[in-house]
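The values are calculated or read from the model by the stated rules, or taken from the named source; none is laboratory data. The structure presented is a predicted model; accordingly, all values stated were derived computationally and were not measured. A quick note on method: Cβ atoms are made from the backbone with ideal geometry, for glycine too, and the neighbour counts reach across all protein chains shown. For the accessible areas, the whole protein counts, side chains as well, though only heavy atoms, and no ligand, DNA or RNA atoms are used. Shrake-Rupley method; radii C 1.70, N 1.55, O 1.52, S 1.80 Å.
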Amino acid sequence: MAEKRPFDVLNNALNSNVLVRLKGNVEVRGTLASFDVHMNLVVENAEELENGETKRKLGTVLLRGDTVVYVSPA
Amino acid sequence: MAEKRPFDVLNNALNSNVLVRLKGNVEVRGTLASFDVHMNLVVENAEELENGETKRKLGTVLLRGDTVVYVSPA
Amino acid sequence: MAEKRPFDVLNNALNSNVLVRLKGNVEVRGTLASFDVHMNLVVENAEELENGETKRKLGTVLLRGDTVVYVSPA
Amino acid sequence: MAEKRPFDVLNNALNSNVLVRLKGNVEVRGTLASFDVHMNLVVENAEELENGETKRKLGTVLLRGDTVVYVSPA
Amino acid sequence: MAEKRPFDVLNNALNSNVLVRLKGNVEVRGTLASFDVHMNLVVENAEELENGETKRKLGTVLLRGDTVVYVSPA
Amino acid sequence: MAEKRPFDVLNNALNSNVLVRLKGNVEVRGTLASFDVHMNLVVENAEELENGETKRKLGTVLLRGDTVVYVSPA
Amino acid sequence: MAEKRPFDVLNNALNSNVLVRLKGNVEVRGTLASFDVHMNLVVENAEELENGETKRKLGTVLLRGDTVVYVSPA
């Protein structure tokens with residue numbers, strides 16, 4: 001069995017829905033379009049959430065890696 | 001199809017409107033004029049926002065990369 | 001006796017239950033699926049906890065290493 | 001047309017008025033006298049502001065780069 | 001007399017009781033089982049404390065070095 | 001005219017009075033005795049201030065560079 | 001006259017009393033036993049202080065350098 005690595009989760013989630021939690025209690029949900037080794041993420045059709053509700057539609061958004069808390073494929 | 005990278009979003013947004021969320025609940029909206037690998041950004045015709053309302057007109061502003069939470073092209 | 005190293009705890013916990021405390025009072029519990037040298041972790045069948053109660057089921061989640069406070073095998 | 005870079009804003013603002021926002025809600029206004037690659041800044045005839053009002057006259061002040069949120073030429 | 005170095009405290013505390021204070025007001029007490037140069041620590045028979053009282057038994061726990069405030073051998 | 005650099009301010013302030021603002025709303029006033037490239041500072045005859053009033057006399061104090069917000073020669 | 005450097009303060013304070021202020025409003029007082037280039041400090045006969053009063057006797061304690069705000073020889 002091949003060794004699994006954390007970034008495989010990002011690779012497998014490309015073009016799929018993800019929930020991203022950022023520092024400072026910000027959450028973004030949308031389609032993962034790209035990522036890099038710093039965990040910078042591009043999410044398309046993105047919505048910013050507050051308490052699980054849509055707070056704002058962001059369209060395409062670049063999330064800075066060092067503000068990421070977690071990324072969860074939907 | 002060419003591989004997409006997160007910074008492509010910044011490149012494609014040059015001379016266009018962006019919404020930038022910074023740490024500490026600061027938001028800036030304006031025209032992206034330049035950026036570098038540290039995600040330092042220059043925004044022109046910039047406005048600082050509070051709860052989505054214009055708080056202050058900043059004109060040209062240099063935003064330090066390590067305070068960026070996200071950048072969203074308008 | 002062989003020298004013990006902190007990451008041995010992660011290696012021994014693979015495919016077992018772990019409790020992960022993150023900065024900002026976030027807790028995640030689930031099965032440790034992978035990790036890397038930055039302490040990035042993938043947890044499967046993950047639940048986000050609040051005061052020890054399930055707040056949200058996350059399924060698979062990638063936790064960014066620099067937000068980790070501690071990891072405890074169940 | 002020459003490529004623009006974020007630090008050009010600092011270079012062009014030398015000997016001119018700038019508004020600097022620092023982490024922790026500190027604002028300083030004055031004349032930009034020098035800067036370096038870490039975004040350390042020297043501001044002369046500087047005033048520390050609170051809610052847009054002068055809180056304290058600082059004269060010459062060295063601002064540490066990693067506390068800078070943004071710099072805006074007046 | 002040999003020169004003393006800070007990490008000697010950790011080396012001397014191996015297999016002994018330690019109190020570890022982490023950022024965010026978290027305290028853990030238990031037996032120091034291992035550490036590395038990043039000050040990542042493994043504590044066994046660990047208890048998380050709140051105001052000096054046991055809040056939760058953690059068993060074995062890996063504490064991430066950059067969240068450590070202090071380590072005190074019991 | 002020679003190029004000015006931010007650290008010149010520290011060099012010129014040696015043996016003179018400085019006001020240092022640190023993260024977490026701590027202020028120290030006294031005579032700058034030494035500094036290094038990390039902006040670690042030694043202040044002698046130092047007083048810690050709270051709301052501009054002397055809170056505590058510290059005598060000689062070593063201030064860690066990465067907690068510095070600004071340094072202003074008196 | 002020899003050039004003074006910030007770490008000289010630590011060297012001169014070895015085996016003497018110091019007051020150490022850490023981030024998060026923690027203060028420790030005791031005898032400085034060792035330090036390294038990261039400003040990791042070992043303090044012996046250490047007491048943790050709250051509002052200038054002894055909160056807890058720590059005995060020997062290793063303080064992580066990046067949590068240090070200042071060190072003041074008594």
Rg ratio (alpha-carbon, reference 2.2 N^0.38 Å) - region F:8-73: 0.98
Accessible area (Å², 1.4 Å probe, nearest 10) - residue F:56: 50
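Within 10 Å of each Cβ in peptide C:54-67, how many partner chain Cβ atoms are there on average? Round it to a whole number, please.
Counting other chains' Cβ atoms within 10 Å and averaging over C:54-67 gives 6.
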Fluctuation leader among A:44, A:53, A:27 - chain A, Gaussian network, Cα springs under 10 angstrom: A:53
Region D:29-48 and region C:1-51: distance between their alpha carbon centers, rounded to Å: 44
Taking chain F and dividing mean pair separation by its residue count, relative contact order in percent (alpha carbons under 8 Å, at least six apart): 31
Distance in nm between pseudo-label sites at residue F:55 and residue E:12 (7 Å out along the Cβ direction from Cα): 3.3
Phi-based couplings in Hz for region D:44-59 (Karplus 6.51, -1.76, 1.60; Gly and Pro marked x): 10, 6, 7, 10, 8, 10, 9, 6, x, 9, 5, 9, 6, 8, 10, x
Cα centre as origin, Lys/Arg/Asp/Glu Cβ charges: chain B dipole, Debye: 60
Test item: Cα-centred dipole of the protein assembly as shown, Lys/Arg +1 and Asp/Glu -1 on Cβ, debye: 300
Accessible area that becomes buried as E packs against C, both chains, 1.4 Å probe, Å², nearest 100: 1600
Summed side-chain charge close to residue A:53 - residues other than residue A:53 whose Cβ falls under 14 Å, Lys, Arg +1, Asp, Glu -1: +1
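Hey, can you find the accessible area per residue of chain D for me, probe 1.4 Å, expressed in square angstrom?
Accessible area per residue: 48 Å².
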Solvent-accessible area, 1.4 Å probe, carbon plus sulfur percent, for chain A: 43
Under 17 Å from residue C:23, Cα to Cα: lysines that are on another chain or at least 8 residues apart: A:23, B:23, C:55, E:23, G:23
Gyration tensor verdict on the protein assembly as shown (Cα atoms; rounded if a/c is under 1.5, prolate if a/b is larger than b/c, oblate otherwise): oblate
Residue-averaged 222 nm ellipticity for chain E, from DSSP H runs of 4+ at -39500 (n - 2.57), nearest 500: -2500 deg cm²/dmol
Chain B: most fluctuating residue of B:45, B:15, B:25 per GNM, C-alpha cutoff 10 Å: B:25
Residue of D:18, D:61, D:26 that the Gaussian network model of chain D assigns the largest fluctuation, springs spanning Cα pairs under 10 Å: D:26
